[in-house]
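Enquirer: Pasting a structure below so you can have a look.
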Amino acid sequence: MEGNWHVYPLDGALELDYVDQAGHPSRRWVLARELKVGPGKMLLGGIDILSEDGYRGFRVDRIQRLEDAETGLVVEHNILDWLVKRAERQAKARRKFLAKQLVRGQAGA
């Protein structure tokens, strides 16, 4: 938690159809790092690989379409829900991995 924001770590390569503040559409390729959910605003944070700006935030409500580069899955509706579920699955997998490492460490002691 960061103030009133909930920050979900998120990993993945995503292709976004995005509309900027001025209404200009663009296609972005992003290495996702986090999803921030706060009062009235949701941001996907990551590295825009074709931009010299590097790390930036994308307003989720401006993402028209998302494609998961790993699976090829295309998401055109309920994008925020999909991102939150993916982040939660990744968090669960990290916890499971760390628990296994802890058990292995205790077994070897």
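Enquirer: If a residue must be of a type in the set (D, E, K, R), at pLDDT 95 or above and more than 17 Å from residue 13 (Cβ to Cβ), how many such residues does segment 51-80 contain?
Expert: Initial filter on segment 51-80 (of a type in the set (D, E, K, R)): 52-53, 56, 59, 61-62, 65, 67-68, 70, 76.
Now narrow it down to the ones that are at pLDDT 95 or above: 59, 61-62, 65, 67-68, 76.
After this cut, where a residue has to be more than 17 Å from residue 13 (Cβ to Cβ) as well, the list is 59, 61-62, 76.
The number of residues fulfilling the criteria is 4.
Enquirer: For segment 32-47, check the following and say yes or no: at least one residue is at positive phi and part of a loop (DSSP other than H, G, I, E, B).
Expert: Yes; the residues of segment 32-47 include at least one that is at positive phi and part of a loop (DSSP other than H, G, I, E, B).
Enquirer: Going through 48, 68, 81, 53 one at a time, which residue ends up being touching a Leu at 6+ places or on another chain (Cβ under 8 Å) and of a type in the set (Asp, Glu)?
Expert: Working: 48 fails: touching a Leu at 6+ places or on another chain (Cβ under 8 Å); 81 fails: touching a Leu at 6+ places or on another chain (Cβ under 8 Å); 53 fails: touching a Leu at 6+ places or on another chain (Cβ under 8 Å).
68 is the lone residue from the list that is touching a Leu at 6+ places or on another chain (Cβ under 8 Å) and of a type in the set (Asp, Glu).
Enquirer: Further, regarding this structure: Could you pull out the residue among 11, 81, 61, 53 that is part of a strand (DSSP E or B) and not hydroxyl-bearing (Ser, Thr, Tyr)?
Expert: Values: 81 fails: part of a strand (DSSP E or B); 61 fails: part of a strand (DSSP E or B); 53 fails: part of a strand (DSSP E or B).
Only one candidate qualifies: 11.
Enquirer: Pick from segment 39-50 the residues that are surrounded by 13 or more Cβ atoms within 10 Å (Cβ to Cβ) and not hydrophobic (A, V, I, L, M, F, W, C): which of them is modelled with the lowest pLDDT? Quick ask: steps written out before the conclusion?
Expert: Within segment 39-50, the first condition is being surrounded by 13 or more Cβ atoms within 10 Å (Cβ to Cβ), and the residues that meet it are 42-48.
Imposing the further condition that a residue be not hydrophobic (A, V, I, L, M, F, W, C) reduces the set to 45-46, 48.
Values: 45: 97, 46: 97, 48: 94.
It comes out as 48.
Enquirer: Related question: Which of the residues that make up segment 56-92 are more than 19 Å from residue 23 (Cα to Cα), surrounded by 13 or more Cβ atoms within 10 Å (Cβ to Cβ), out of contact with any helix residue (DSSP H, G or I) (no Cβ under 9 Å at 6 or more places or on another chain) and not acidic (Asp, Glu)?
Expert: If the condition is that a residue be more than 19 Å from residue 23 (Cα to Cα), surrounded by 13 or more Cβ atoms within 10 Å (Cβ to Cβ), out of contact with any helix residue (DSSP H, G or I) (no Cβ under 9 Å at 6 or more places or on another chain) and not acidic (Asp, Glu), then 69, 82, 84, 86, 87, 90, 91 are the ones that fit.
The values are calculated or read from the model by the stated rules, or taken from the named source; none is laboratory data. A quick note: this is a predicted structure, and the numbers were derived from the prediction, not measured. As a convention, Cβ positions derive from the backbone with ideal geometry for all residues, glycine included, and neighbour counts pool all protein chains shown.
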